[in-house]
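FYI, it's all coordinate maths here, none of it is from the lab. Quick caveat: nothing in here was measured; it's all calculated off a predicted structure. For neighbour counting, all protein chains shown are included, and Cβ atoms are generated from backbone atoms with ideal geometry for every residue, glycine included.
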Amino acid sequence: MKIVLILTAVLAVMFGAIALAQDAHDAAFYPENADAAAMVDAALAQARDEDKQALIVFGADWCHDSRGLASKLDDDARLSALIEDHYVLVRVDVGQRHRNQDQLARFGVSESFGTPTLVISDGAGMLQNGLTAHDWRTADSAALSDVAVYLSRYADDAEPAERDVAGADLDAAAQTWPPYGQALDEIDTRLASGEMSEAEAARARIYARGMARSIARLGMGRVAEAQEVEIADSADLHALGMAPSDDLTAAVSAQISDIEFDLLARLSSQDAETTDAMAEDAASPQRVE
């Protein structure tokens, strides 16, 4: 009987711990019904008052990479210290890339082409990170050093904790990814045939570029794990006045060369998902905006 009672107590503790872990996993990083405009306004005001940058992450709790980035920023000591010292962090839900798009537009970012989308802004609402806002669709697989160097680049007076960081030319690696070249060729063909308008082609190119650079970031994460090195985009390192300790662009290209992806088919599928989600929200009487 004593053994049974002890075993029962141990199991209760184990399952209690599992339940707590599950609760933490299920916690909302990107609450659907939050007032996004008020959150962004407050973040900008705080950034202005504290002389920091606003880091506005547009993501969704269904998205593995949105949750992965949130966990990195919260749980990694280096990243959480960087955020604490230099940023005001706010997370905004985009659903299936259809909610709170007006909050992206206020920074000159046309839409969520993927999740998460990162906006770095000064307190006046001026976008700091341009088209690289779309580079983080593989954020869960990105190297911690890559995230740290990227955020350090846009933070006033911040430096990465380590100086011995290898570099990879993110643009060059992205351009070697076969699906990216195939997508650009297909866009040109559709444009020439009249199947795509100039606006549609421009949108597709932005989508493809962001996806290719996101895949290259995934490749950097794989190289970091395989070679046990700190790694970041060479452009970010140079912007910080740091010389890369090694050039691992070729290694990154090799890591992503066999990743197959029909970019334009995926964009079309995403658009269909967005349309369906908009219709579902419109039909839901419980949806609060």
request  = May I ask you to derive the relative contact order of segment 28-283, considering only C-alpha pairs under 8 Å and at least 6 residues apart, and to give it as an integer percent?
outcome  = 21 percent
query = Candidates (1) 1.02; (2) 0.94; (3) 1.11; which is the computed Cα Rg over 2.2 N^0.38 Å?
reply = (3)
remark   = Sparse-neighbourhood loop hits (chymotrypsin sites (Phe, Trp or Tyr not before Pro), segment 74-158; DSSP loop; Cβ within 10 Å at most 15 others) -> none
remark   = For 243-251, 92-100, ranked highest to lowest by mean beta-carbon neighbours within 10 Å, the order is 92-100, 243-251
key: Nearest-20 debye value, the chain charge dipole, Cβ charges on Lys, Arg, Asp, Glu   = 420 debye
inquiry  = Using alpha carbons only, how many angstrom separate the centre of segment 56-88 from the centre of segment 115-165?
reply    = 11 Å
inquiry  = Show me the helices of the chain, taken as full DSSP H stretches, that run 27 Å or more along their long axis by Cα and average 1.0 or above in Kyte-Doolittle hydropathy.
reply    = 2-26
note = Length gained if SER71 through GLU260 is fully extended, taking 0.36 nm per residue and subtracting the Cα-Cα distance, is 65.3 nm
remark   = So for R0 = 41 Å, FRET eff. of ARG163-SER268 from the Cβ-Cβ r, to 0.05, ends up at 0.40
request  = Would you please name the GluC sites (Glu not before Pro) within segment 208-241 that are DSSP coil residues with at most 13 other C-beta atoms within 10 Å of their C-beta?
outcome  = GLU228
